[in-house]
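The values are calculated or read from the model by the stated rules, or taken from the named source; none is laboratory data. Since this is a predicted model, take the numbers as computed values, not measurements. Cβ coordinates were reconstructed from backbone atoms using ideal geometry, including for glycine residues, and neighbour counts include every protein chain displayed. Just so you know, the surface numbers come from the protein's heavy atoms only, side chains and all, with ligands and any DNA or RNA stripped out. Shrake-Rupley method; radii C 1.70, N 1.55, O 1.52, S 1.80 Å.
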Amino acid sequence: MANARVRQAVRSTMPGLVAWWLWMPLLAALVWAVKHFLFGGFGQQDQSYLLLIERQFFPHGGPWDAAPLFWFWLAVGLVGTAVAVWFATDEAGSDFTEWWPRLAMAVVVLAVIGSLVRAGTGLWDNDKDAGRFYARSTVLDVPAGGAATPRSVLPVTEHSRPGDGTRCDLVGTSDVPACVKTAPMPDFDFEARTASYAAANKALTDSAGLTSGIHLLDHSLHYLPGTGTGGQAGGGQAGGGQVGGGVWTAVLDGSGEQPMEGVAVWDGTTNSVASCAFHGDHAFGRAFGGTGAVSLRNLLAERFPDLVYSGQDIWGYCDGPDVRTARPVIVISVAREQGWKQRTVTAPAGVLVIKGSADGRPDLAYRATVDPGDLPGAVYPASVVRSQIHEVQWLGGRGVKDDRGFGYDHTSSAANATNPGEFLLRSKADGHLYYVTPLVPRDSSSQLVVAFAVLQADRVGGGLNDLHVYVRADDAPSVNLDVLASRMVSYMAQQTSITISVGQGGALQEIIPFGRDMWRGFVDFNGQTQDYIDLSGDATVTPNLVSLKGQITPPGGQPQPQPQPQPQPSGTPAPTAPASPAAPAAGCGGDPAQLTDRQLADCIAEWSRTLQGRLPAQPPAGG
């Protein structure tokens, strides 16, 4: 009789217990069905939802090393099971003096405790685990010699032990691996750019696109060092500019039902923007901003559901010696979310190379490995580089990060407000492309550049590329981007009598490193780079002010003196001329009708510069 009552109690409790366990998986399945069937069923919908489930519940594809949220769900389910056991015991007329309810309740309680512990440890180590993953490919390069170990890296080096002497001279003793290499800072000698990011964005936005519905794809503006003007590997003259000079490119994207147009190219020195278009046997019927069947993002998500990318990882180039007849190529530096401990991390996963075809269907090719020289731009995702730089703060462990503020950050200088780092530059020493980022102390108001983050950008495959953080010695000449900007403004005023403003909306738009303690600042007027100034951080090199539009106006802002007439030979009568009124004032102060076209253009440019210099600086935009 007692056994019958127990079976009846179990049968009456089981439906509620099953519903309790299944309501969350059923809700997840319902959400997927709604997104898949009612809202288009396009690749982005499915991809984003599946990646979310993987990220929040199953980083490794199953319950082993599951994420903290899974363990919380398991604990809640087990609490409901404990309530069901209590209810079944009461329905059966039993009490907890019998062996079976006591055993069931003990097992459930232990499972609840285990699940909560697993969830708690996962939450506590979640951010540190990300630091552990990226730290494996991070090297702190500390200068040899000098007065002492740089103070910005002391929190790591003072708690370290000897390393292998090859890759790491010192190894950190915290639970986050730190690798310290003692070596002199290399001679940074990169090819300098001739225009700022802001000027390139302005030039390409204003001059590119011949069809309605075409616009520059956000964040696809990309600098290709040393490729000529087409962006093709190996240089070549294409649409103006000089062979071997870097160019700016951007993707001309479509919107709605309008497909992508092509790739726009600007050499940084002229007013002309060239472009290569998708047409003929390399047509293209999709667009990143397209909708429905025109959406390229949906197609990529359907074909490659495990690959992710951000806007800054998309760029394009024109494959051919002449931009006008070259074939546009779109490159996406992709990453993959992979399981790591109880979470997911983002790691580089190669590139997608996208071309047109005769029938307009995108020709998609995935390459897991890319060697230097295979493509003219960055193949390593810039978004991953930024994550690697951010996670440097963990190299001393949680205490050093939280209590001593260890780590490095991008500068917040007004001059670099729109483009603070990950400058893509080509080394003159080895010809490789590198991401170069000046860094300041993380938890500090100081804008002193205390380190440089450098990572090779033209190679991908086999995991993370090493991020080298070259730490500057304390006795090295101090470099402050705000001070550099002030020196550049002062020098510009001395040479031209023009006062320029700094920052977003100002004239001095960007300061980037390019050589041994050398920095270049770009002077933009009306959205175009007119001049650039080269300065050394230690003020030992004479500044170099270069105008891209002709000779720099001499000090005082006055026009060049006009050549004097040559004296006539002795004995030769001087030519006679009818009487005329007094000669008008020479130069820009004279009658515009008396000026040549060249003189008039130079005067207009000079007046524009003077007016720009008098305008107040605009406050930086948010975001």
Inset, instruction - Compare the Cα positions of Ser445, Ala473, Ala485 along the charge dipole of the range 399-497 (+1 at Cβ of Lys, Arg; -1 at Cβ of Asp, Glu; about the Cα centre) and return the one farthest towards the positive end. - result: Ala485
Legend entry - Label-point separation, Arg516 to His60 (7 Å along Cα→Cβ), nm: 5.1 nm
Legend entry - FRET efficiency estimate (nearest 0.05) - Cβ-Cβ, Val31 to Thr542, R0 56 angstrom: 0.30
Inset, instruction - Once you have a ≥ b ≥ c as the square roots of the Cα gyration tensor eigenvalues for the range 425-464, tell me rounded if a/c is under 1.5, and otherwise prolate or oblate according to whether a/b is larger than b/c. - result: oblate
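Pop the C-beta distance of Ala144 and Asp322 into the FRET formula with R0 = 35 Å and round what comes out to the nearest 0.05.
0.10
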Inset, instruction - Rounded to the nearest Å, what's the spacing between the alpha carbon centres of the range 348-393 and the range 57-120? Just the number, please. - result: 46 Å
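How much of the calculated P(r) for the range 45-187 lies past 22 Å, in percent of all Cα pairs?
Values: 6320 of 10153 pairs.
For the range 45-187, the share of Cα pairs beyond 22 Å comes to 62 percent.
What order, most packed first, do the peptides 105-114, 530-539 have when packing is the mean number of other Cβ atoms within 10 Å of each residue? List each step's numbers first, then the result.
Working: 105-114: 14.6, 530-539: 19.7.
Top of the packing list down: 530-539, 105-114.
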Legend entry - Extension reserve of the Thr211-Leu38 stretch, reckoned as 0.36 nm per residue once the Cα distance is removed: 59.0 nm
Inset, instruction - Taking H placed 1.01 Å from N in the peptide plane, check which residues at least 5 places from Gly226 or on another chain put their amide H under 5 Å from its amide H. - result: Gly246, Val247
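What order do you get for 328-335, 180-187, 432-439, 342-349 when each peptide is scored by the mean count of other beta carbon atoms within 10 Å, highest first?
Values: 328-335: 25.9, 180-187: 15.6, 432-439: 23.0, 342-349: 21.5.
Answer by packing, highest mean first, reads 328-335, 432-439, 342-349, 180-187.
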Inset, instruction - Output the Cα-based Rg and Dmax of the range 419-503 in Å, rounding Rg to one decimal and Dmax to a whole number. - result: 16.4, 54
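Quick one: if the Förster radius is 22 Å, what FRET efficiency do Val107 and Gln8 give, using the C-beta to C-beta distance and rounding to 0.05? Numbers along the way, then the final one.
Numbers: r = 22 Å, r/R0 = 1.02.
Working from the Cβ atoms, E equals 0.50.
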Legend entry - Listed peptides 442-448, 55-61 by packing density, highest first (mean Cβ within 10 Å): 55-61, 442-448
Legend entry - Rough spin-label spacing in nm, given labels placed 7 Å along Cα→Cβ, for Leu51 and His279: 3.5 nm
Inset, instruction - Determine how large the accessible area of Trp71 is when every protein chain is in place; take a 1.4 Å probe and give Å² rounded to the nearest 10. - result: 40 Å²
Inset, instruction - Return the whole-Å distance between the Cα centroid of the range 319-341 and the Cα centroid of the range 187-204. - result: 20 Å
Legend entry - Cut-off under 5 Å, modelled amide H: who pairs with Val334 long-range: Ala349, Gly350, Val351, Leu352
Legend entry - Estimated distance in nm for a label pair at Ala429 and Trp100, the labels positioned 7 Å out from Cα along Cα-to-Cβ: 7.7 nm
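Just subtract the alpha-carbon distance of Ser446 and Thr369 from 0.36 nm times their residue separation and send over the number in nm, one decimal. Before the final figure, lay out each step's value.
Values: separation 77, 0.36 × 77 = 27.72 nm, distance 3.98 nm.
Answer, rounded to one decimal: 23.7 nm.
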Legend entry - With every protein chain in place, the range 264-402: carbon and sulfur % of accessible area (1.4 Å): 46 percent
